[in-house]
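Colleague: Pasting a structure here, questions to come.
The values are calculated or read from the model by the stated rules, or taken from the named source; none is laboratory data. These figures come from a predicted structure and were not determined experimentally. Here the Cβ positions follow ideal geometry from the backbone for every residue, glycine too, while neighbour counts run over all protein chains shown.
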Amino acid sequence: MRRRTRAIVASLAVALIVGVAALAPALGAAAGGEEPRTVQVTPLPLYFGIGISPKVLPVGAETPATLRLHVVDPPYEDGSGWAGFSTMTVDLDKSIHLNAGAFPTCGRRLLEADLDLEERVPSQCEKAIVGRSQAKLFINPPEQNGLKDPASGVIYNGGARGGVTHLIVELPFESPGESAWVTVLIGKGATTRFPRFEEGFGALYEFSLELNRKGFVTAECTTGKITDSLAATFRDGTKAHEELIRACSR
């Protein structure tokens with residue numbers, strides 16, 4: 001079990017402030033939209049939020065939307081009470097649709113190989129950009145302990161297979177001087193695995209993405225509410241699950 005001595009934040013308003021504060025500068029809400037609604041996953045200080053813009057969604061017809069996802073497992077600055085993400089499974093409400101098949105795609109192998117050789121994004125992959133991402137890294141060997149500068153990168157459409165959308169996320173970290181590639185899987189029961197850093201001493205503790213390519217995400221409000229869920233596993237084996245239910249305007 002993870003040893004957590006931090007007080008649990010019971011107020012949703014407080015959870016919103018803590019969970020979204022780091023996300024806002026890089027992934028701010030579009031005009032007329034919303035920041036990710038955030039809940040605390042008890043008994044851990046894990047925060048999970050999903051936001052959809054625009055706020056007003058039609059009934060019986062899909063409209064272009066922007067989707068924002070934010071998860072954070074905040075560590076103490078001395079590294080205690082922290083394990084980092086291992087896996088994450090996100091299930092979106094059935095009224096939110098990712099239209100990967102309608103846009104150009106780019107594979108992770110092509111991206112990694114081209115950037116290694118030419119340090120640039122292949123022209124065919126530029127057309128596959130569907131959003132942006134941000135992540136934060138914590139490294140805790142004695143000589144490098146501490147929070148590292150965040151990485152901001154782009155999201156590529158990796159296509160859809162078997163009802164699962166593949167999002168190829170590039171995260172270039174200036175410290176420790178390496179890029180991470182994360183394939184985020186969105187679909188019923190699909191699990192995303194996060195990489196480790198610095199020979200296993202480092203891992204992500206915060207991850208955000210925004211899918212803002214017009215038409216890549218569409219949404220509607222058919223029942224008056226949207227239900228999303230997150231299941232997360234940490235490096236020490238701890239598991240957490242939370243469901244987020246909120247009203248949608250029609």
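Colleague: Which residues, counting only those in the stretch 180-223, are touching a helix residue (DSSP H, G or I) at 6+ places or on another chain (Cβ under 9 Å) and polar (S, T, N, Q)?
Modeller: Within the stretch 180-223, just THR183 meets the criteria.
Colleague: Can you find even one residue in the stretch 116-126 that is loosely packed, with under 13 Cβ neighbours inside 10 Å and either modelled with pLDDT of 85 or more or under 20 Å from THR89 (Cα atoms) (or both)?
Modeller: Scanning the stretch 116-126 turns up no residue that is loosely packed, with under 13 Cβ neighbours inside 10 Å and either modelled with pLDDT of 85 or more or under 20 Å from THR89 (Cα atoms) (or both).
Colleague: A further question on this structure: Under 8 Å between Cβ atoms, which residue pairs at least 6 apart in sequence (or on different chains) link something in the stretch 236-250 that is modelled with pLDDT under 80 with a partner that is exposed (fewer than 12 other Cβ atoms within 10 Å of the Cβ) and in a strand (DSSP E or B)?
Modeller: Final answer for the pair search is SER249/VAL56; ARG250/VAL56.
Colleague: Return the pair list, or none, for Cβ contacts closer than 6 Å from residues in the stretch 48-67 that are touching a residue at least 60 places away in the same chain (Cβ under 8 Å) to residues that are loosely packed, with under 15 Cβ neighbours inside 10 Å, at least 6 apart or on different chains.
Modeller: LYS55/SER249; VAL56/SER249; VAL59/ARG250; PRO64/LYS214; PRO64/GLY215; THR66/ALA30
Colleague: Hey, among PHE138, PHE48, which residue is more than 30 Å from LYS225 (Cβ to Cβ) and either modelled with pLDDT of 85 or more or crowded, with 20+ Cβ neighbours inside 10 Å (or both)?
Modeller: PHE138
Colleague: Then there is this: If you take just the strands (runs of 3 or more DSSP E) that sit entirely in the stretch 185-250, which of them hold at least 3 residues that are surrounded by 20 or more Cβ atoms within 10 Å (Cβ to Cβ)? Quick ask: steps written out before the conclusion?
Modeller: On the way: elements: 191-193, 202-211, 217-219, 225-234, 239-247.
Where strands (runs of 3 or more DSSP E) fall fully within the stretch 185-250 and carry at least 3 residues being surrounded by 20 or more Cβ atoms within 10 Å (Cβ to Cβ), they are 202-211, 225-234.
Colleague: Answer yes or no as to whether LEU171 is at pLDDT below 90 and not β-branched (Val, Ile, Thr). Before the answer, list the steps.
Modeller: Numbers: at pLDDT below 90: yes; not β-branched (Val, Ile, Thr): yes.
For LEU171, the condition - at pLDDT below 90 and not β-branched (Val, Ile, Thr) - is met.
Colleague: Does ALA113 fit the bill of being modelled with pLDDT under 85 and within 27 Å of ALA160 (Cβ to Cβ)?
Modeller: yes
Colleague: While we're looking at this one, here's another question. Among the residues of the stretch 169-182, are any under 18 Å from ASN99 (Cα atoms) and touching a residue at least 24 places away in the same chain (Cβ under 8 Å)?
Modeller: yes
For every residue, the table says whether it meets (1) farther than 22 Å from CYS125 by Cβ; (2) out of contact with any Ser or Thr (no Cβ under 8 Å at 6 or more places or on another chain).
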residue: SER179; (1), (2): no, yes
residue: ALA219; (1), (2): yes, no
residue: ASP228; (1), (2): yes, yes
residue: LYS239; (1), (2): yes, no
residue: ILE245; (1), (2): yes, no
